[in-house]
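As structure tokens, the structure follows; a few thoughts come after it.
The values are calculated or read from the model by the stated rules, or taken from the named source; none is laboratory data. Computed from a predicted model, the values in this text were never measured in an experiment. Every residue, glycine as well, gets a Cβ built from its backbone with ideal geometry; the counts of neighbours run over all protein chains shown.
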Amino acid sequence: MKRKSWLVSAVLLSLVITCKTPSPVSQINSTPRQVVDKDPPAVPLSPEESMQKVQLPPGYHLELVASEPMVQEPVAIAWDGNGRLFVAEMNTYMLDVYGTDKYKPVSRIKLLEDTNADGKMDKVSVYVDNLVLPRMILPLDDRLIVNETNTNHLWSYRDTNGDGIADEKKRVYENNLVDTRNLEHQKSGLIWNLDNYIYVSRDRIRFRYKNGLIEADSLIEDPGGQWGVTHDSYGRLFFSAGGAERPAVSFQQNPAYGRLDLKDQYNEAFLATWPIIGTLDAQGGLKRMRPDDNSLNHFTSSGGQSIFRGDRLPAELQGDFFTPEPVGRLIRRAKVINQNGKISLQNAYNQKEFIASSDMNFRPVNTATGPDGLLYIVDMYHGIIQESEWTKEGSYIRPQILARGLDKNNGRGRIYRVVHDDFKPDPVKPQLLNASTAALVSYLSHPNGWWRDNAQKLLVIRGDKSVVPALKELALKKPSFWKKIFSRPNKTEHLTKIHALWTLDGLEAIDENTLFEAFKDENAQVRKTALWISEKFLKQNSTEMLQQLQNLKNDPDPEVKIQIALSMRALPNNTGNALVQELITQNPTIPLLAESETSRQKTVESIARRKEEFRKLTPLDRALLTKGAVIFQQVCAACHGQDGKGIALGSNDMVAPPLSRSKRINGDKAAIIRILLNGLSGPVEGKTYPDVMPAMGHNDDEWIAAVLSYVRNDMYNKAPIIRPEEVKEIRTQTTSREKYWTLDELQASAK
């Protein structure tokens, strides 16, 4: 009896320990990084030669999945339910320093297949042709959703005769507004998240699939991302802002609750990069290079991030954050640390990267978890990785590109997968599109997150409610006491429950009683999921649901308490404020509760202040400033901050000057019009920033007037509105100018 009692106690103790919030991790011991070449050649290499230039940790290596001519200029990948790989190609991206023909409709989406299960693609077809820089792809069932640069439409493509070429095209979301932003500032991503919403990287919008169409849903704030968006196994989204030199943003809470970034969510050390190559073509110039070896010293162009959720690499990688840095020719692996519900990121290695290449043309731009359980890398393998607005005369990067012949390298591209010596890729080829609905339910328990996500998505799309009883059984399944004690822990059991709950939600078959039972689950993430889903009943003024949330306020898990506070925002007329304040007061060790509420209050106050200011304007001026506010959040906030005070996450080094209470913003109209039309380089107020202010003159006069007028009448600025005709007059004076302005030139032109 004593031995059995000891065993029970030990197992129970281990269960308690595994539920604790993880502490900051120790960085992995590794050999010091060494820069291979301080002034590398730019001659393109074969895929085999390029792989020899890549350094990975011991035990890891790359395998080539596809390369030119099978794929060219790849920027995004996505698998359909049967494991076929769609590849978006931007075939006209930066063919020279001028960006010649960049909007010519000759880009494509390829369909790749591995017919002999050796991990290498051997069959290809042009699924969709004649596109303008396709930037978003999302497989549904046998349909592929596509978005092109400069548009807001979402199109569905389908191959009805099985020849690998789409022959059906339907518009599933209509928005006729032309996106005039620089192609680096437009939306990307388009991922189906755990909550059945489809998210993009920026703008106040997300989508939902319903009856064959994609419906838009508005967000409180722009999440502030740029290239790519990913999610973890619990539906937490991770955005990135390459233009603001921030590798990860807006990951503290879902953007439906408002944007939240914290200064200490990573530190200065995390922002430092450790390439093995001299990075002479960094737009930031010498400020962004280490003087001893010319290597990139700071993130400058990160994007295409992913959370690894596969099952065929070491378990320590699961849940880690991977983000490419194409300027540094590297991929960062970061540990995602959760301390009392507050998320922070830490480089997994000490002054070293997970992947680094000494091939100057290696340009990783995207990553993904594949159906085989491995990590995939999209290498655009392109010479120029900076859009033409930043390669004008007077930029640092232009002569570097021309001197090294980087403008000569285009038309190539590679896709790799990361393999470990101790693991074999999953040989099972998915057949989810052909699987029965009941079989799809079983895949919600798969150890690879790719399978679980796609099974859930297909169940929701099919809308077959015959599986509702099975889903409820999965969601509420309780192991017997003895199974809990003597069986090995099932690491995916709580994930299965979470997927089952969200699938019920997507099928519109979730009910309060199921959620009430889920509130009692032993796993905190299951309880949190049930709280998240409960918002639809809170919006319906369910008194019983509100009482259940009141009862959960003493839950031992910080994330559950945080989710209660967030979900209470669904109540009408701020009736949940009292409970939120009670949670904040009683939980001083959960700082995110107060930080999130403070951020919400600032947003509410800012919106109210803006409405009051706008109320005093004429209808014409009100419309102009309203348009300017949208433009600012879409384009300018990533570098200048939502409040115009600059971005300083993880460091005191801002990527762009603050605009709030700026004498220059409130001063001479002509000077700031010239800046927006032609851009600005050089020091500002004696400080040198790592990037130029790009020219925005490709936009029309009203666009320029709107955003400048907004900046001059918000963020505690107050100056006369700028009219489109005033922009037109300055534009006629500067039509021949191709260089950026400097402040000295602007001062001279004002005399």
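Check the stretch 89-102 and report whether any residue there is among the β-branched types (Val, Ile, Thr) and within 29 Å of residue 216 (Cα to Cα). Checked against the condition, which is being among the β-branched types (Val, Ile, Thr) and within 29 Å of residue 216 (Cα to Cα), the stretch 89-102 yields no hits at all. Of everything in the stretch 378-402, what is in contact with a Ser or Thr (Cβ under 8 Å, 6 or more places away or on another chain) and hydroxyl-bearing (Ser, Thr, Tyr)? Give them in sequence order. If the condition is that a residue be in contact with a Ser or Thr (Cβ under 8 Å, 6 or more places away or on another chain) and hydroxyl-bearing (Ser, Thr, Tyr), then 381, 395 are the ones that fit.
Scan the stretch 622-644 for residues that are over 18 Å from the mean Cα position of the chain (by Cα) and either part of a helix (DSSP H, G or I) or surrounded by fewer than 20 Cβ atoms within 10 Å (Cβ to Cβ) (or both) and the total you get is 13. In the stretch 661-688, the residue that is farthest from residue 398 (Cα to Cα) out of those that are in a loop (DSSP other than H, G, I, E, B) and touching a residue at least 60 places away in the same chain (Cβ under 8 Å) is 668. Scanning the stretch 199-222 for residues that are assigned to a strand (DSSP E or B) and either of a type in the set (A, V, I, L, M) or touching a residue at least 24 places away in the same chain (Cβ under 8 Å) (or both) returns 199, 200, 205, 206, 207, 209, 213, 214, 215, 216. The residue of the stretch 418-473 that is surrounded by the fewest Cβ atoms within 10 Å (Cβ to Cβ), among those that are out of contact with any Gly (no Cβ under 8 Å at 6 or more places or on another chain) and among the acidic types (Asp, Glu), is 473.
Within the stretch 322-345, residues that are more than 26 Å from residue 595 (Cα to Cα) reach partners that are in a loop (DSSP other than H, G, I, E, B) and acidic (Asp, Glu) with beta carbons closer than 7 Å, at six or more positions or on different chains, in the pairs 329/359; 330/353; 331/353; 332/353; 333/320. Looking at the stretch 93-144 only, could you name the residues that are of a type in the set (Lys, Arg) and closer than 28 Å to residue 462 by Cα? Residues satisfying the conditions are 110, 135, 143. Among the residues in the stretch 409-418, are any basic (Lys, Arg), closer than 30 Å to residue 97 by Cβ and touching a strand residue (DSSP E or B) at 6+ places or on another chain (Cβ under 9 Å)? Taking every residue of the stretch 409-418 in turn, at least one turns out to be basic (Lys, Arg), closer than 30 Å to residue 97 by Cβ and touching a strand residue (DSSP E or B) at 6+ places or on another chain (Cβ under 9 Å).
Say whether the condition of being closer than 30 Å to residue 423 by Cβ and either of a type outside the set (Ser, Thr, Tyr) or modelled with pLDDT under 95 (or both) is met by at least one residue in the stretch 510-520. There is no residue in the stretch 510-520 that is closer than 30 Å to residue 423 by Cβ and either of a type outside the set (Ser, Thr, Tyr) or modelled with pLDDT under 95 (or both). All of (1) surrounded by fewer than 21 Cβ atoms within 10 Å (Cβ to Cβ); (2) of a type in the set (S, T, N, Q); (3) in the same structural domain as residue 324 (by TED's automatic domain parsing) hold for residue 67 with one exception: (1). Just so you know, in the stretch 439-453 the residues that are under 17 Å from residue 501 (Cβ atoms), in a helix (DSSP H, G or I) and not acidic (Asp, Glu) include one that is nearest to the chain's Cα centre (by Cα), and it is 449. Return yes when residue 63 is over 20 Å from residue 151 (Cα atoms), among the acidic types (Asp, Glu) and at pLDDT 95 or above and no when it is not. Answer is yes for this residue. The conditions of being in a helix (DSSP H, G or I), charged (D, E, K, R) and over 30 Å from residue 339 (Cα atoms) are met by residue 613.
Please verify whether residue 527 is buried (at least 20 other Cβ atoms within 10 Å of the Cβ) and basic (Lys, Arg), treating the condition exactly as stated.
yes
Counting only residues that are out of contact with any Leu (no Cβ under 6 Å at 6 or more places or on another chain) and within 19 Å of residue 602 (Cβ to Cβ), the stretch 644-668 holds 9 of them.
In the stretch 326-347, the residue that is surrounded by the most Cβ atoms within 10 Å (Cβ to Cβ) out of those that are closer than 26 Å to residue 190 by Cα and out of contact with any Pro (no Cβ under 7 Å at 6 or more places or on another chain) is 327. Screening 114, 118, 80, 129 for residues that are more than 30 Å from residue 392 (Cβ to Cβ) and in contact with a helix residue (DSSP H, G or I) (Cβ under 7 Å, 6 or more places away or on another chain) leaves exactly one candidate, 80.
Here residue 131 fulfils each of the conditions (1) touching a residue at least 60 places away in the same chain (Cβ under 8 Å); (2) touching a Lys or Arg at 6+ places or on another chain (Cβ under 7 Å) apart from (1).
Restricting 248, 272, 241, 216 to residues that are buried (at least 23 other Cβ atoms within 10 Å of the Cβ) and modelled with pLDDT of 95 or more narrows the list to 248.
Scanning the stretch 348-366 for residues that are in a strand (DSSP E or B) and surrounded by fewer than 24 Cβ atoms within 10 Å (Cβ to Cβ) returns a single hit, 349.
Each residue in the stretch 620-652 was checked for being in contact with a helix residue (DSSP H, G or I) (Cβ under 8 Å, 6 or more places away or on another chain), touching a residue at least 24 places away in the same chain (Cβ under 8 Å) and of a type in the set (Lys, Arg), and 1 pass.
Looking only at the stretch 310-347, which residues are in a loop (DSSP other than H, G, I, E, B) and either within 16 Å of the chain's Cα centre (by Cα) or hydroxyl-bearing (Ser, Thr, Tyr) (or both)? Within the stretch 310-347, 319, 320, 326 meet the criteria. Taken together, the residues in the stretch 192-205 that are more than 15 Å from residue 153 (Cβ to Cβ) and crowded, with 22+ Cβ neighbours inside 10 Å amount to 5.
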